[in-house]
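**Student:** A single structure is presented below for examination.
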Amino acid sequence: MLARDMRQFLHQLSVSTRGRGLVEVTEPILKWVGEQDITTGLLTVYCRHTSASLLIQENADPDVRADLEAFFRKLVPEGRGIYRHESEGEDDMPSHIRAALTNTQLSIPLADGRLMLGTWQGIYLFEHRAAPHRRELVLHLLGK
């Protein structure tokens, strides 16, 4: 595939969260990708925040998501006096640490016009803050 044959599309997806937890964003991403005329390429999903992140994770059993959330609460505890950066609340610095331990960008191949996700894989925004937020994801599709 020559570079001159490549096309690219850019889109911003706004996601509302209800506070800490995983929000599946697979469907709106699949819908947008399906509206583009690309059969082979690469999708980049980018999270524009420092206290939220992205995961590809199992979407069949909700216990997986609950266990992940519980693990990160234990791994990165919250509380006054633990961290120096507390200006936005006791969940702020732990949110930055959780985002640093996960991903703010995902790359997913596209073949035959479909994202090459596995059978039980879903794309998730991982909200690390306790309060609800509106998060922005940037989708960049490059291909032919």
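**Student:** Take Q57 and tell me if it is farther than 19 Å from P132 by Cα, at pLDDT 95 or above, of a type outside the set (F, W, Y) and touching a helix residue (DSSP H, G or I) at 6+ places or on another chain (Cβ under 8 Å).
**Tutor:** Values: farther than 19 Å from P132 by Cα: yes; at pLDDT 95 or above: yes; of a type outside the set (F, W, Y): yes; touching a helix residue (DSSP H, G or I) at 6+ places or on another chain (Cβ under 8 Å): yes.
Spelling it out, Q57 is indeed farther than 19 Å from P132 by Cα, at pLDDT 95 or above, of a type outside the set (F, W, Y) and touching a helix residue (DSSP H, G or I) at 6+ places or on another chain (Cβ under 8 Å).
Conditions tested, residue by residue: (1) of a type in the set (D, E, K, R); (2) in contact with a Lys or Arg (Cβ under 8 Å, 6 or more places away or on another chain); (3) farther than 21 Å from H140 by Cβ.
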| residue | (1), (2), (3) |
| --- | --- |
| T26 | no, no, no |
| R48 | yes, yes, no |
| Q57 | no, yes, yes |
| D61 | yes, no, yes |
| R73 | yes, no, yes |
| P77 | no, no, yes |
| H85 | no, no, yes |
| A99 | no, no, no |
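**Student:** Count, please, the residues in the range 41-70 that happen to be loosely packed, with under 13 Cβ neighbours inside 10 Å and hydroxyl-bearing (S, T, Y). Break it down stepwise before answering.
**Tutor:** Going residue by residue through the range 41-70, those that are loosely packed, with under 13 Cβ neighbours inside 10 Å are 48, 60-63, 66-67, 70.
Remaining after also requiring hydroxyl-bearing (S, T, Y): none.
Of the residues in that region, 0 qualify.
**Student:** I'm trying to understand the selection: among the residues of the range 98-131, which are surrounded by 12 or more Cβ atoms within 10 Å (Cβ to Cβ) and at positive phi?
**Tutor:** G113
**Student:** So, one more: Residue by residue through the range 1-30, note down the ones that are without any contact (Cβ under 8 Å) to a residue 40 or more places away in the chain and surrounded by 10 or more Cβ atoms within 10 Å (Cβ to Cβ).
**Tutor:** Within the range 1-30, the subset without any contact (Cβ under 8 Å) to a residue 40 or more places away in the chain is 2-4, 27-28.
Within the range 1-30, E27, P28 meet the criteria.
**Student:** Can you tell me which residue in the range 25-47 is farthest from the chain's Cα centre (by Cα), limited to those that are part of a strand (DSSP E or B) and among the aliphatic types (A, V, I, L, M)? Spell out how you get there, then give the answer.
**Tutor:** Start the filter on the range 25-47 by keeping residues that are part of a strand (DSSP E or B), which leaves 41-47.
This time we only want the ones that are among the aliphatic types (A, V, I, L, M), so: 42-43, 45.
Numbers: L42: 16, L43: 13, V45: 7 Å.
Going through the qualifying residues, I end up with L42.
The values are calculated or read from the model by the stated rules, or taken from the named source; none is laboratory data. Since the model is a prediction, treat every value here as computed from it, not as a measurement. Cβ sites come from the backbone with ideal geometry, for glycine too, and all protein chains shown count toward neighbours.
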